[in-house]
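What follows is a short report on a single structure.
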Amino acid sequence: MQLDFSYYNPTTIHFGKNSLGKLNDELSHYGETVMLMYGRNAIKSNGLYDEVIAILRHAGKNIVELSGVMPNPTYKKMMEGAKLVREHNVSLILAVGGGSVIDCAKSISISAYCENEDPFQKYWVEYQDVTNKIIPVASILTMVGTGSEMNGGSVITHEETKYKIGRLFPANVFPKFSILNPEYTFTVSQYQMVSGVYDTMSHLMEQYFSDQGANTTDYLIESLLKSSIDNLRIALKNPTDYEARSNLMWNATLALNTLTGLSKTQDWQVHMIEHQLGAYTDCAHGMGLAAISLPYYRFIYKFGIEKFVRFATQVWGVSPEGKTQDQIALEGIDALERFTKECGIVTSLEALGATREMLPEIAQSTTIIGKGYKKLTTKDVLDILEACF
């Protein structure tokens, strides 16, 4: 573990089939008005909405609702929620849904009392410290992948500027508690399920493909990648296999609760490219990551050859006998590609709604981080996009 670190995660996790039973006790710690946030109609059709409403009423809470949170939450939706928080003096924001709903809840929690300034510009573009009042957030997770249930991440799309930005806020923005019942994920479509699992895997790979050698964190990442691969295959055959779905849910949480980034420089360039792809196409996040990952890793692997060889041998079981390092590394990337195709994960930008005319604009607007094995240029980004079109 070469890099110093400090680790703290304040989120309480209630995990399992009976975890919703913890909600009433948690609500006792907050004021009288709760804003219930959710997406479209999924939680109403599966009965979860009625269960949550009943618990909120039993706890004596006033309920304010914000529905219709989209898969890529927008600036407009954030500001709509911020207005409701102020108008109703909301004391807790309860997000019921996947990572997009939870991301949006966090954005509202820090934006509601950002006075006299545009919160998107201040907090996402300029990365200023959050000094205004923050409303506590909690979550009930129904779709896995983002890990937003146990971190400070919030990704918001500004529709007018076509700028999609993610920011990891400090611990005071993390959900205070999150309820994780794997059974709530059973009704998620196969498309959403595999997209979410690839999102999990991408989070792990973004942290893994940095630094050389292998520290304890790398060993954790390798195990979580193998668990995601094995359990997705099981869940594709039987979507209601509780053990597989519970493993996938916990994998996603661990993949981005900051534990798997300890003592790692981390990359995140794939996410930066995908964010702009998503801003232009509104594609499923995990699918966009899958499309970009393969050409990106083939572009940079020579600069981090040691770790790509380890990825091939430890995660995919590639035999190193009689092969060069290049051959081993490329076999590992090929194995990743075969897995994506096996699971029906989309790897074509055209299939995700992109046009060739969009690609230069996506490349031009992509943030170049430069913490990975090779710092890209805008031309490199464009070449990567064209390679996965």
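The values are calculated or read from the model by the stated rules, or taken from the named source; none is laboratory data. Not measured: the values here are computed from a predicted model. Here the Cβ positions follow ideal geometry from the backbone for every residue, glycine too, while neighbour counts run over all protein chains shown. The protein model used for the area step is the full one, side chains on, heavy atoms only, and it has no ligands, DNA or RNA in it. Shrake-Rupley method; radii C 1.70, N 1.55, O 1.52, S 1.80 Å.
Give me the extension gain from Asn89 to Thr187: residue separation times 0.36 nm, minus the current Cα-Cα distance, reported in nm with one decimal.
Full extension from Asn89 to Thr187 adds 31.9 nm.
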#### Entry: Check: the chain dipole with +1 on Lys, Arg Cβ and -1 on Asp, Glu Cβ, in debye
280 debye
### Query
Per residue, what accessible area does segment 25-123 have, given a 1.4 Å probe and all protein chains present, in Å²?
42 Å²
### Query
How about Lys83: which lysines have a C-alpha closer than 17 Å to its C-alpha, ignoring those fewer than 8 places off in the same chain?
Lys106, Lys133
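Work out, step by step, the length gained on full extension between Arg233 and Ser28: first 0.36 nm times the residue separation, then minus their alpha carbon distance; give nm to one decimal. Display every interim value, and only then the final one.
Numbers: separation 205, 0.36 × 205 = 73.80 nm, distance 4.06 nm.
Stretched out fully, the Arg233 to Ser28 stretch lengthens by 69.7 nm.
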### Query
What's the angle, to the nearest 10 degrees (0 to 90), between helix 75-88's Cα axis and the longest principal axis of the chain?
30 degrees
### Query
Taking one equal scatterer on every alpha-carbon of the chain, how large is log10 of I(q)/I(0) by Debye at q = 0.06, 0.12, 0.13, 0.14 1/Å?
-0.22, -0.91, -1.07, -1.24
### Of the chymotrypsin sites (Phe, Trp or Tyr not before Pro) in segment 1-85, those whose Cβ has at most 10 other Cβ within 10 Å and which sit in DSSP loop
Tyr7, Tyr8
### Query
To the nearest 10 square angstrom, how much accessible area does Lys61 have with a 1.4 angstrom probe?
30 Å²
### Query
Relative to the present Cα-Cα distance, how much length would full extension add between Glu115 and Ala171 at 0.36 nm per residue of separation?
18.0 nm
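Carbon and sulfur atoms: what percent of the 1.4 Å accessible area of the chain do they account for? Mind dumping the intermediate values first?
On the way: 7770 of 15770 Å².
After summing per-atom areas, the C and S share lands at 49 percent.
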### Task
Quick one: of Lys176/Lys226; Lys44/Lys162; Lys176/Lys371; Lys122/Lys164; Lys307/Lys375; Lys176/Lys307, which pairs are farther than 24 Å apart, Cα to Cα?
Lys176/Lys226; Lys44/Lys162; Lys176/Lys371; Lys176/Lys307
### Summary
When the charge dipole of segment 345-389 is computed with +1 at the Cβ of Lys and Arg and -1 at the Cβ of Asp and Glu, the Cα pointing farthest to the positive end, of Cys388, Ala351, Thr367, is that of Thr367
### Task
Give me the accessible area per residue for segment 230-389, probe 1.4 Å, as a whole number in Å².
40 Å²
## Note on the structure
With Cα coordinates, the longest principal axis of the chain makes an angle with the long axis of helix 285-300, in degrees rounded to 10, of 30 degrees
### Task
Quick one: P(r) of segment 176-282 from all Cα-Cα pairs, 10 Å bins, percents rounded to integers, in order of increasing distance.
14, 42, 34, 11, 0
### Message
Given contacts defined as C-alpha pairs under 8 Å and at least six residues apart, what's the relative contact order of the chain, whole-number percent?
### Response
16 percent
### Query
Roughly how much of Trp250 is accessible, in Å² to the nearest 10, using a 1.4 Å probe?
90 Å²
### Task
Could you check the simple spin-label distance between Ala214 and Thr265, using points 7 Å along Cα→Cβ, in nm with one decimal?
2.1 nm
### Query
How far is the Cα center of segment 77-136 from the Cα center of segment 334-389, in Å?
31 Å
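Of all the C-alpha pairs in segment 1-68, what % are more than 16 Å from each other?
Within segment 1-68, distances greater than 16 Å cover 60 percent of Cα pairs.
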### For segment 93-212, the spread of Cα positions along each principal axis, largest first, Å
44, 38, 31
